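Reading through the structure tokens given below for one structure.
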Amino acid sequence: MGSFNDKVYEVVREIPYGRVTTYGAVARAIGQPRKALFVGFAMHSSADPDDPPCHRVVYKDGRVFENEDGSPSLQKLLLEAEGVPFVDDTHVDLDACLWHRVLTDEIGRPTDIDWEREMAEDQ
């Protein structure tokens with residue numbers, strides 16, 4: 001497992017019980033805001049389904065995974081067991097349960113992004 005995955009798992013372990021965050025929010029929390037898709041890869045490659053609690057990471061619109069046969073996904077069942085509210089069968093109520101890990105400096109600027117690297121011309 002690489003250092004990217006380690007950083008992702010560290011953030012995901014901080015998500016409180018009964019709360020969710022998004023792939024993009026995790027990417028931003030580790031200073032790589034353009035890597036939401038890679039956060040998804042890290043979640044998929046986790047060897048232990050309970051550590052980190054991958055089920056607490058959802059799409060930016062609150063959508064959870066769906067089973068092809070229409071039955072509730074394991075992700076949905078785990079979130080419901082934690083008391084996470086849903087607005088419909090496939091979307092959590094982000095207004096009620098979204099969690100963000102944001103660090104700021106002494107004047108309130110986000111410190112979780114390496115802006116020099118992100119804005120570099122060679123990308």
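The values are calculated or read from the model by the stated rules, or taken from the named source; none is laboratory data. Remember, predicted model here, so these are calculated numbers, not experimental data. Here Cβ is always computed from backbone atoms with ideal geometry, including for glycine, and neighbour counts include all displayed protein chains. The accessibility values were calculated without ligands, DNA or RNA, using every heavy atom of the protein model including side chains. Shrake-Rupley method; radii C 1.70, N 1.55, O 1.52, S 1.80 Å.
Open to solvent by 80 Å² or more (accessible area, probe 1.4 Å) and either under 23 Å from residue 7 (Cα atoms) or out of contact with any helix residue (DSSP H, G or I) (no Cβ under 9 Å at 6 or more places or on another chain) (or both): is that true of residue 48 in this structure?
no
Given the criteria open to solvent by 40 Å² or more (accessible area, probe 1.4 Å) and either out of contact with any strand residue (DSSP E or B) (no Cβ under 8 Å at 6 or more places or on another chain) or of a type in the set (D, E, K, R) (or both), does residue 33 qualify?
So residue 33 fits the description; yes.
Return the residue satisfying two criteria in turn: it lies in segment 57-77 and is in contact with a helix residue (DSSP H, G or I) (Cβ under 6 Å, 6 or more places away or on another chain) and without any contact (Cβ under 8 Å) to a residue 24 or more places away in the chain, and of such residues it is surrounded by the fewest Cβ atoms within 10 Å (Cβ to Cβ).
Top of the filtered list is 65.
Among the residues of segment 65-81, which ones are within 16 Å of the chain's Cα centre (by Cα) and either more than 18 Å from residue 50 (Cα to Cα) or in a loop (DSSP other than H, G, I, E, B) (or both)?
Hit for segment 65-81 is 65, nothing else.
Return only the number of the condition from (1) assigned to a loop (DSSP other than H, G, I, E, B); (2) of a type outside the set (D, E, K, R); (3) within 30 Å of residue 119 (Cα to Cα) that residue 25 does not satisfy.
That leaves (1) as the condition not met.
Only residues that are surrounded by 13 or more Cβ atoms within 10 Å (Cβ to Cβ), in contact (Cβ under 8 Å) with a residue 24 or more places away in the chain and not charged (D, E, K, R): list them for segment 79-99, please.
Correct list: 79, 84, 90, 91, 92, 94, 97, 98, 99.
Among the numbered criteria (1) assigned to a helix (DSSP H, G or I); (2) out of contact with any Leu (no Cβ under 8 Å at 6 or more places or on another chain), which single criterion is violated by residue 48?
Unmet condition: (1).
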